[in-house]
Structures are given as structure tokens and as C-alpha cells.
Amino acid sequence: MLPVEVLPVEVLPMRRSAEEIAKMRRAGKVVAEMHQATREAARPGVTTGHLDAVARQVLDRHGARSNFLNYRGFPAVICTSPNDMIVHGIPGSYVLRDGDIISIDCGAIVEGYHGDAAFTMGIGDISDEARRLLQVTERSLWAGIEQLRPGNRLHEVGRAVQQVAEQAGFSVVREYVGHAIGTAMHEEPQVPNYWPGNPGPLLKPGMVFAVEPMVNVGGPATVTLEDGWSVMTADGSLSAHFEHTIAVTDDGPEVLTVP
Ligand code: MG
Ligand code: MG
């Protein structure tokens, strides 16, 4: 969910120790529990503000801090982005309806280390096209995660994501990308969801990334609403967002944002 212009391109990712990754694993478990709790709470008639309250309870229960709250003034602990909203939706009075899709992005800090993950779900009975968008976007995330192996190059992630999304007839958002993560939520370098024209840094054990494809049914162009946060598809088409925080290990990718 990081705006592309924020970071320079050629910065080597940090390598984290086993102790640091253990803390990120704990942050990741909190994020996974936020996913579970908001997923169970999301149904027709419920507001996105209620989902934020549910997520806050999970953070409080674990004594974890929010990395979203007050980030550049963001007023909540999760982002809730329905239908043609891509990312960064502010939870509030929006009431979920049967047939909606809703992207829920959650983050947590444990002992100074960050986790960050997102998913999109259907509310009640959704269209075949919406269901296919969700399936393809999640599949594109896992295709990207598969690339996070020592000896591989970082931008193989974006190449794999883009291939899955575009083969399905969808498009990947360019203006917002994934990122390295550790003692800050958004660290350098960026992780684009497309092939940026170069292979990027060599992957080594201890590097940790948030991979987060944003996939649109229509074109990739985005517009931001007057609230300064809500990013929409320019053509009004549906959009989905799936994200995990993943460590590169000798044994391959380890997804940290799991229960
Ligand atoms: Mg992220
Ligand atoms: Mg996120």
C-alpha cells in the first residue's frame, strides 16, 4: 500500500537475525488474528467502523501496537476498501451489503517489529466475476511468494504476480506497491507487482518483504478521493488486495502473517 514515489529504487533490503524474525513472527500472528476476527465480523449490515473496533480488541488483547494508526495521520488500525476502492479506505459509517467485496488490511507491532497483511472477502452472495477476481488475486500473491528464495532476484515477484493477473484478463495496479518490512512498516526497497524492467536485488536469507498485489477487473489506473486516502479504480471496476509478510530463509519463503 506504499505510494511508489516515496522510496528510491536501488536500495538493498536489510537482513534480519533469527531473533528479529521471531519477533516479526509474533507480530504476524497478531495480524493473522486480526484477519480472523474481522472476517468473522464482516456481514451485511455491519459498518467498517465496527470492523476497526474488532481489530483494536485483538491488538489490545496481545499488548501490540498499531502501525496504521496515526501513520501520516491515518485515523484507524485497519484499512477497509469496498468494491471499486483499491486500498487505504478509512473505516467508518459504510454499511456492508450483500454482494459487496471488501479488502481489509491489518498491521501490528510487537517489540518494535512489524507485521502487515491484507485479504479481500465477499459479503453474502457475490458475482461470479467478483469471486474470480478474489481467487486470481490470491493466487497471484502466492505465485509472488514462491519467488522469495535465496539466489533469486526480487523483481521475479512482480513478474510472477503480473503473469497470473494478466493471464486471467485482469490488470495490476502500478502506483502502489509492496515493500521491505522490519523495524518500520515501509522499508526499502519497493516490491512492485509487475516487472519493472530490471531484476532487482539478489535475495538472501533474513530479508523480509510484504508482497501485496492489488488487482483490478478493468484497467490499472487509480484516482484518490478528497479524503486524501481512499484509492479507487479510475474506471469504477472491482479491485482486490491480498498481502502477506514473508521472510526469505534457506528453506524458501516463510510466511510470517499466519496463525
Ligand atoms: Mg504493506
Ligand atoms: Mg498492508
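Throughout, read-outs are computed from the coordinates displayed, never taken from laboratory work. Here the structure is a predicted model, which is why all the values come from computation and not from measurement. Heads up, the Cβs are rebuilt from the backbone with ideal geometry, glycines too, and the neighbour counts pull from every protein chain shown.
By counting other Cβ atoms within 10 Å of each Cβ, how are SER140, SER237 ranked from fewest to most?
SER237, SER140
Can you list the equivalent-ellipsoid semi-axes of the range 53-203, largest first and in whole Å, using the square root of 5 times each Cα gyration tensor eigenvalue?
Working: eigenvalues 136, 108, 29 Å².
Semi-axes, largest first: 26, 23, 12 Å.
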Discussion item. Report the Cα centroid-to-centroid distance between the range 131-195 and the range 42-90 in angstrom, as an integer.
Written reply: 23
Worksheet item: Roughly how compact is the range 171-212, stated as its Cα Rg over 2.2 N^0.38 Å to two decimals?
Response: 1.18
Worksheet entry | Selection of trypsin sites (Lys or Arg not before Pro), the range 50-79, meeting DSSP coil and at most 14 other Cβ within 10 Å | none
Fill in: Equivalent ellipsoid semi-axes, the chain, via Cα gyration tensor eigenvalues times 5, rooted, Å
26, 22, 16
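I'd like the FRET efficiency for SER127 and ALA41, computed as 1/(1 + (r/R0)^6) with the beta carbon distance as r and R0 of 30 Å, rounded to 0.05.
On the way: r = 23 Å, r/R0 = 0.76.
Taking R0 as 30 Å, the efficiency between SER127 and ALA41 is 0.85.
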Worksheet entry | Per-residue ³J(HN,Hα) for the range 57-69, Karplus 6.51 cos²θ - 1.76 cosθ + 1.60, θ = phi - 60°, Hz, x for Gly and Pro | 4, 5, 4, 4, 4, 9, x, 8, 9, 8, 8, 8, 4
Worksheet item: How much mean residue ellipticity at 222 nm does the chain get from its helices, if each DSSP H run of length 4 or more adds -39500 (n - 2.57) and you divide by all residues, to the nearest 500 deg cm²/dmol?
Response: -9000 deg cm²/dmol
Worksheet item: Across the Cα atoms of the range 134-259, what radius of gyration and what greatest pairwise Cα-Cα distance (Dmax) are found, in Å?
Response: 14.3, 45
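Considering Cα pairs under 8 angstrom that are at least six residues apart, work out the relative contact order of the range 2-255 and quote it in whole percent. If you can, show how the numbers build up before the last one.
Numbers: 668 pairs, mean separation 59.1, N = 254.
Dividing the mean separation by the residue count of the range 2-255 yields 23 percent.
How big is the dipole moment of the chain about its Cα centre under a simple scheme where the beta carbon of each Lys and Arg is +1, that of each Asp and Glu is -1, and everything else is neutral? Debye, nearest 20, please.
Numbers: 21 positive and 32 negative charges, 107 e Å.
It comes to approximately 520 debye.
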Fill in: THR222 long-range amide H proximity, modeled H, under 5 Å
ALA234
